[in-house]
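K.L.:
Submitted below is the structure of interest, expressed as C-alpha coordinates.
The values are calculated or read from the model by the stated rules, or taken from the named source; none is laboratory data. All values derive from a computational prediction rather than experimental measurement. When we count neighbours, we look across all protein chains shown, and the Cβ atoms used for this are built from the backbone with ideal geometry, even at glycine. Accessible surface is based on the protein model in full, side chains and every heavy atom, while ligands, DNA and RNA are left aside. Shrake-Rupley method; radii C 1.70, N 1.55, O 1.52, S 1.80 Å.
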Amino acid sequence: MEQIVTYLSAEQIAERVKALAAEIQRDYEGKRPVLVIVLKGSFVFAADLIRAIDLPSLRVDFLAVRSYEGTESSGVVQIVNDLSRPIEEEDVILVEDIVDTGLTINYLLDLLQTRKPKTLKVCALLHKPARSRVAVPIDYLGFTIEDRFVIGYGLDFGEKYRGLPFLGVLQRA
Ligand code: 5GP
(Lines give C-alpha, C1' and ligand atoms only; values in the text may rest on other atoms or scores of the structure.)
Protein backbone atom coordinates (compact mmCIF):
# COMPACT_ATOMS: atom_id res chain seq x y z
CA MET A 1 0.00 0.00 0.00
CA GLU A 2 1.18 3.49 -0.81
CA GLN A 3 0.10 6.67 0.85
CA ILE A 4 0.50 10.30 -0.15
CA VAL A 5 2.40 12.50 2.28
CA THR A 6 2.25 16.29 1.96
CA TYR A 7 5.54 17.77 0.81
CA LEU A 8 4.43 21.37 0.23
CA SER A 9 0.98 22.43 1.39
CA ALA A 10 -1.53 24.37 -0.72
CA GLU A 11 -0.94 27.36 1.58
CA GLN A 12 2.85 27.25 1.18
CA ILE A 13 2.48 27.02 -2.59
CA ALA A 14 -0.07 29.85 -2.76
CA GLU A 15 2.17 32.17 -0.76
CA ARG A 16 5.20 31.48 -2.96
CA VAL A 17 3.21 31.77 -6.20
CA LYS A 18 1.96 35.20 -5.09
CA ALA A 19 5.53 36.33 -4.45
CA LEU A 20 6.66 35.10 -7.90
CA ALA A 21 3.71 36.88 -9.52
CA ALA A 22 4.67 40.11 -7.75
CA GLU A 23 8.25 39.84 -9.06
CA ILE A 24 7.04 39.25 -12.61
CA GLN A 25 4.54 42.09 -12.37
CA ARG A 26 7.26 44.48 -11.22
CA ASP A 27 9.75 43.38 -13.92
CA TYR A 28 7.24 43.55 -16.79
CA GLU A 29 5.31 46.71 -15.87
CA GLY A 30 4.32 48.47 -19.12
CA LYS A 31 5.27 45.44 -21.25
CA ARG A 32 3.21 42.72 -22.96
CA PRO A 33 4.88 39.49 -21.92
CA VAL A 34 3.83 36.11 -23.28
CA LEU A 35 3.77 33.27 -20.78
CA VAL A 36 4.67 30.07 -22.61
CA ILE A 37 3.14 27.34 -20.48
CA VAL A 38 4.73 23.92 -20.81
CA LEU A 39 2.03 21.24 -20.77
CA LYS A 40 0.91 19.22 -19.17
CA GLY A 41 2.48 19.59 -15.75
CA SER A 42 2.55 23.41 -15.55
CA PHE A 43 -1.11 24.16 -16.14
CA VAL A 44 -2.17 24.36 -12.48
CA PHE A 45 0.84 26.47 -11.50
CA ALA A 46 0.32 28.76 -14.51
CA ALA A 47 -3.40 29.17 -13.76
CA ASP A 48 -2.62 30.39 -10.24
CA LEU A 49 0.32 32.50 -11.43
CA ILE A 50 -1.55 34.49 -14.10
CA ARG A 51 -4.41 35.26 -11.74
CA ALA A 52 -1.94 36.88 -9.34
CA ILE A 53 -0.18 39.00 -11.99
CA ASP A 54 -1.93 42.32 -12.55
CA LEU A 55 -0.76 43.09 -16.10
CA PRO A 56 -3.74 43.56 -18.44
CA SER A 57 -1.67 42.87 -21.58
CA LEU A 58 -0.28 39.55 -20.36
CA ARG A 59 -0.77 36.81 -22.95
CA VAL A 60 -0.49 33.05 -22.75
CA ASP A 61 0.46 30.34 -25.18
CA PHE A 62 1.05 26.62 -24.74
CA LEU A 63 3.72 24.12 -25.66
CA ALA A 64 2.99 20.46 -25.07
CA VAL A 65 6.02 18.24 -24.62
CA ARG A 66 6.20 14.56 -24.00
CA SER A 67 7.33 13.95 -20.44
CA TYR A 68 8.55 11.02 -18.44
CA GLU A 69 7.46 7.42 -18.64
CA GLY A 70 7.09 6.59 -14.92
CA THR A 71 9.65 8.41 -12.78
CA GLU A 72 12.72 8.29 -15.04
CA SER A 73 13.78 10.74 -17.74
CA SER A 74 13.80 9.28 -21.22
CA GLY A 75 16.27 12.02 -22.12
CA VAL A 76 14.25 12.63 -25.28
CA VAL A 77 12.14 15.76 -25.59
CA GLN A 78 9.37 15.72 -28.12
CA ILE A 79 7.10 18.65 -29.01
CA VAL A 80 3.59 17.23 -29.09
CA ASN A 81 1.90 20.59 -29.70
CA ASP A 82 3.65 23.77 -30.77
CA LEU A 83 2.91 27.44 -29.97
CA SER A 84 -0.06 29.00 -31.73
CA ARG A 85 1.82 32.19 -32.71
CA PRO A 86 5.34 33.40 -33.53
CA ILE A 87 7.31 34.89 -30.64
CA GLU A 88 9.73 37.04 -32.63
CA GLU A 89 10.47 40.31 -30.77
CA GLU A 90 8.26 39.24 -27.86
CA ASP A 91 9.09 39.22 -24.14
CA VAL A 92 8.70 35.53 -23.39
CA ILE A 93 8.53 33.81 -20.00
CA LEU A 94 8.73 30.03 -20.17
CA VAL A 95 6.66 28.50 -17.35
CA GLU A 96 7.74 25.04 -16.15
CA ASP A 97 6.48 22.91 -13.29
CA ILE A 98 9.82 21.38 -12.36
CA VAL A 99 13.43 21.51 -13.50
CA ASP A 100 14.90 18.10 -12.74
CA THR A 101 17.81 17.06 -14.97
CA GLY A 102 17.31 20.34 -16.84
CA LEU A 103 17.23 18.55 -20.20
CA THR A 104 13.67 19.57 -21.07
CA ILE A 105 14.02 23.26 -20.29
CA ASN A 106 17.45 23.38 -21.92
CA TYR A 107 16.03 21.93 -25.12
CA LEU A 108 13.06 24.31 -25.04
CA LEU A 109 15.25 27.37 -24.44
CA ASP A 110 17.41 26.45 -27.43
CA LEU A 111 14.32 25.90 -29.55
CA LEU A 112 12.64 29.18 -28.56
CA GLN A 113 15.87 31.18 -28.97
CA THR A 114 15.91 30.23 -32.67
CA ARG A 115 12.57 32.07 -33.00
CA LYS A 116 14.26 35.33 -31.96
CA PRO A 117 12.23 36.57 -28.98
CA LYS A 118 13.25 39.99 -27.62
CA THR A 119 13.79 38.46 -24.18
CA LEU A 120 13.45 34.91 -22.87
CA LYS A 121 13.19 34.09 -19.16
CA VAL A 122 12.34 31.01 -17.15
CA CYS A 123 9.81 30.70 -14.34
CA ALA A 124 9.81 27.30 -12.61
CA LEU A 125 7.82 26.22 -9.58
CA LEU A 126 10.36 23.60 -8.49
CA HIS A 127 14.05 22.85 -8.94
CA LYS A 128 15.80 19.61 -7.98
CA PRO A 129 19.50 20.55 -8.12
CA ALA A 130 20.63 17.07 -7.00
CA ARG A 131 19.68 15.62 -10.40
CA SER A 132 20.87 18.49 -12.57
CA ARG A 133 22.65 17.38 -15.77
CA VAL A 134 22.79 20.75 -17.49
CA ALA A 135 22.95 24.20 -15.90
CA VAL A 136 19.70 26.06 -16.46
CA PRO A 137 19.14 29.74 -15.72
CA ILE A 138 15.96 30.01 -13.65
CA ASP A 139 14.91 33.64 -13.36
CA TYR A 140 11.85 33.07 -11.17
CA LEU A 141 11.96 30.02 -8.90
CA GLY A 142 9.31 28.82 -6.45
CA PHE A 143 11.12 26.20 -4.38
CA THR A 144 14.37 24.26 -4.40
CA ILE A 145 13.53 20.68 -3.38
CA GLU A 146 15.36 17.50 -2.43
CA ASP A 147 15.68 14.53 -4.75
CA ARG A 148 12.11 13.29 -4.24
CA PHE A 149 9.53 12.42 -6.88
CA VAL A 150 6.67 14.82 -6.23
CA ILE A 151 3.06 14.60 -7.39
CA GLY A 152 0.03 16.86 -7.35
CA TYR A 153 -0.59 20.52 -8.23
CA GLY A 154 -0.48 19.52 -11.92
CA LEU A 155 2.34 16.98 -11.62
CA ASP A 156 1.55 13.35 -12.33
CA PHE A 157 2.74 9.84 -11.75
CA GLY A 158 1.66 7.85 -14.79
CA GLU A 159 -1.02 10.53 -15.47
CA LYS A 160 -2.48 10.17 -11.96
CA TYR A 161 -2.65 12.67 -9.08
CA ARG A 162 -2.54 15.90 -11.15
CA GLY A 163 -5.60 17.24 -9.34
CA LEU A 164 -4.19 17.16 -5.81
CA PRO A 165 -4.28 20.73 -4.44
CA PHE A 166 -0.87 20.27 -2.75
CA LEU A 167 2.50 18.70 -3.65
CA GLY A 168 3.00 15.27 -2.17
CA VAL A 169 5.31 12.29 -2.22
CA LEU A 170 4.30 8.65 -2.39
CA GLN A 171 5.36 6.56 0.56
CA ARG A 172 4.92 2.90 1.36
CA ALA A 173 2.53 2.58 4.26
P1 5GP B 1 13.92 17.32 -16.77
O2 5GP B 1 14.01 17.32 -18.26
O3 5GP B 1 14.35 18.62 -16.14
O4 5GP B 1 14.66 16.15 -16.18
O5 5GP B 1 12.43 17.02 -16.39
C6 5GP B 1 11.42 17.88 -16.56
C7 5GP B 1 10.08 17.14 -16.55
O8 5GP B 1 10.15 15.86 -15.91
C9 5GP B 1 9.08 17.92 -15.77
O10 5GP B 1 8.46 18.90 -16.56
C11 5GP B 1 8.14 16.83 -15.29
O12 5GP B 1 7.18 16.56 -16.28
C13 5GP B 1 9.04 15.62 -15.11
N14 5GP B 1 9.47 15.48 -13.71
C15 5GP B 1 10.70 15.67 -13.21
N16 5GP B 1 10.74 15.49 -11.88
C17 5GP B 1 9.48 15.17 -11.52
C18 5GP B 1 8.87 14.87 -10.25
O19 5GP B 1 9.46 14.88 -9.16
N20 5GP B 1 7.54 14.60 -10.30
C21 5GP B 1 6.81 14.60 -11.44
N22 5GP B 1 5.52 14.31 -11.35
N23 5GP B 1 7.36 14.87 -12.65
C24 5GP B 1 8.68 15.17 -12.68
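K.L.:
So between Asn81 and Arg133, what do we pick up on full extension, going 0.36 nm a residue minus the alpha carbon distance?
P.N.:
Gain on stretching Asn81 to Arg133: 16.2 nm.
K.L.:
Can you list the GluC sites (Glu not before Pro) in region 76-173 that are in a DSSP coil and have 14 or fewer other beta carbons within 10 angstrom?
P.N.:
In loop regions of region 76-173 (DSSP not H, G, I, E or B), the sparsely surrounded GluC sites (Glu not before Pro) are Glu88, Glu89, Glu146, Glu159.
K.L.:
Here's a follow-up. So for Ile98, Ile4, what's the accessible-area order with a 1.4 Å probe, most first?
P.N.:
Ile4, Ile98
K.L.:
Can I ask one more? With an 8 Å cut-off on Cα pairs and a minimum separation of 6 or more residues, tell me the relative contact order of region 21-170 in percent. All intermediate terms of the calculation are to be shown ahead of the outcome.
P.N.:
Working: 285 pairs, mean separation 31.8, N = 150.
Over region 21-170, the number comes to 21 percent.
K.L.:
Note down the net charge around Ala10, summing +1 for each Lys or Arg and -1 for each Asp or Glu among other residues with Cβ under 12 Å from its Cβ.
P.N.:
-2
K.L.:
Right, another one. Pairs Lys40/Lys121; Lys40/Lys160; Lys40/Lys118; Lys31/Lys128; Lys121/Lys160; Lys18/Lys160: which are spaced more than 21 Å apart, C-alpha to C-alpha?
P.N.:
Details: Lys40/Lys121 19 Å; Lys40/Lys160 12 Å; Lys40/Lys118 26 Å; Lys31/Lys128 31 Å; Lys121/Lys160 29 Å; Lys18/Lys160 26 Å.
Distance filter (> 21 Å) returns Lys40/Lys118; Lys31/Lys128; Lys121/Lys160; Lys18/Lys160.
K.L.:
Hey, another quick one. Amide H to amide H under 5 Å from Gly102: which residues, 5+ apart in sequence or cross-chain, H placed 1.01 Å off N in plane?
P.N.:
Arg133
K.L.:
A further question follows. Tally the DSSP beta bridges in region 1-120 and give the antiparallel ones as a percent, rounded to 5.
P.N.:
So the antiparallel bridges amount to about 20 percent of the total.
K.L.:
Okay, next question. If I compute solvent accessible area with a 1.4 Å probe over the protein chains, what percent of it on region 34-173 is carbon and sulfur?
P.N.:
After summing per-atom areas, the C and S share lands at 50 percent.
K.L.:
Restricting to Cα atoms and excluding each atom paired with itself, what does the Kirkwood estimate give for the chain in Å?
P.N.:
16.4
K.L.:
In nm, what is the difference between 0.36 nm times the number of residues separating Leu170 and Glu2 and their Cα-Cα distance? Walk me through the numbers on the way to the answer.
P.N.:
On the way: separation 168, 0.36 × 168 = 60.48 nm, distance 0.62 nm.
Between Leu170 and Glu2, full extension yields 59.9 nm more.
K.L.:
Can you give the FRET efficiency for Gln12 and Phe149, using 1/(1 + (r/R0)^6), R0 = 25 Å, r = Cβ-Cβ distance, to the nearest 0.05?
P.N.:
Calculated value: 0.85.
K.L.:
Between the alpha-carbon centers of region 8-28 and region 125-173, tell me the distance in whole angstrom.
P.N.:
Between the Cα centre of region 8-28 and that of region 125-173, the gap is 16 Å.
K.L.:
Pull up all non-local amide H partners of Leu120: gap of 5 or more, or a different chain, and H-to-H distance under 5 Å with H placed in the peptide plane.
P.N.:
It is Val92, by chain and number.
K.L.:
Okay, moving on. About its Cα centre, how strong a charge dipole does region 41-173 have in debye, to the nearest 20, once Lys and Arg get +1 and Asp and Glu get -1 at the Cβ?
P.N.:
On the way: 15 positive and 19 negative charges, 35 e Å.
Roughly 160 debye for region 41-173.
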